[in-house]
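Bear in mind these aren't lab numbers, they're just calculated from the coordinates by the rules spelled out. Since the model is a prediction, treat every value here as computed from it, not as a measurement. Please note: Cβ atoms are built from the backbone with ideal geometry, for glycine as well, and neighbour counts cover all protein chains shown.
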Amino acid sequence: MTKTLEGHADQRFDGELHALHLNVLEMGSLALDQSRVALQALMGLNKDLAQKVLDREPTVDSMEDRIDNSIVDLMTKRGPVSRDLRITIAFSKIVVDLERIGDEAAKIAHIVESLSDENQPKPAKNQMRDISNMGKLALGMLDTAMKSLSELDAQLAETLLNTDQDLDMEFQSSLRHLTTFVLEDARNLGHTINITLMLKSLERLGAHAGNIAEYVIYLVYGVNVRDERRSGDK
């Protein structure tokens, strides 16, 4: 699928698009790893892993700035139109979602630091159960999204979009499950709020994975499934 970026009379343009693709993939790899480490930190309430996520957050932001600048330079120098403009816009949109994936990982890491305080009681295993299930679904979606982006595989992206409702269903089920803990004992409220915030971050990770899949389809086929899916939701 890399031929999607090729075919220009000026081969330097091919090279610039490939370089942009590689830079986006580099950022995507870091964003994915940030999510994985954040979930590992969460499941083990590991403060060191949480700190690792927070230490690397500025790197994600600097990658976004660097890619944004390269996109501006490309558009200024080449003045892309038609397919080339579509590809450039798609990459710029994907970068925004990658940065937000990094933000969600950092949010989880901040809460892990709070939960790992030795002077505070730890949440019960039953309260953490839903996080494990949602985490696996969210990371699976991110992994698929990154693979579709790496290979510019629109069919794989479509497969992801056909299964993205699973995470939303798991999220709603988890909220109902957590409600029972508060009803049983109001002292569970503090942990329940934190866990709900982390579940929401995991749900957002899946949503960003879906966004990336939509942009891969747009990049390859020129079809804006984003608007079609929003209309369908309504």
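Taking every pair of Cα atoms in region 86-170, average 1/r, invert it to obtain the Kirkwood radius, and report Rg/Rh to two decimals.
So for region 86-170, dividing Rg by the Kirkwood Rh gives 1.08.
Quick one: which of LYS147/LYS200; LYS93/LYS147; LYS107/LYS200; LYS47/LYS107; LYS47/LYS122; LYS136/LYS200 span more than 19 angstrom between C-alpha atoms?
The answer is LYS147/LYS200.
Based on other C-beta atoms within 10 Å, arrange VAL96, VAL72, VAL225 from fewest to most.
Arranged by neighbour count, lowest to highest, VAL96, VAL72, VAL225 become VAL72, VAL96, VAL225.
By the gyration tensor of its Cα atoms, with a ≥ b ≥ c the square roots of the eigenvalues, what is the shape of region 9-233: rounded for a/c under 1.5, prolate for a/b over b/c, or oblate?
Prolate, because a/c is 1.5 or more and a/b exceeds b/c.
For an R0 of 30 angstrom, estimate the FRET efficiency from the Cβ-Cβ distance between ASP117 and HIS18 and round to the nearest 0.05.
E between ASP117 and HIS18, to the nearest 0.05, is 0.05.
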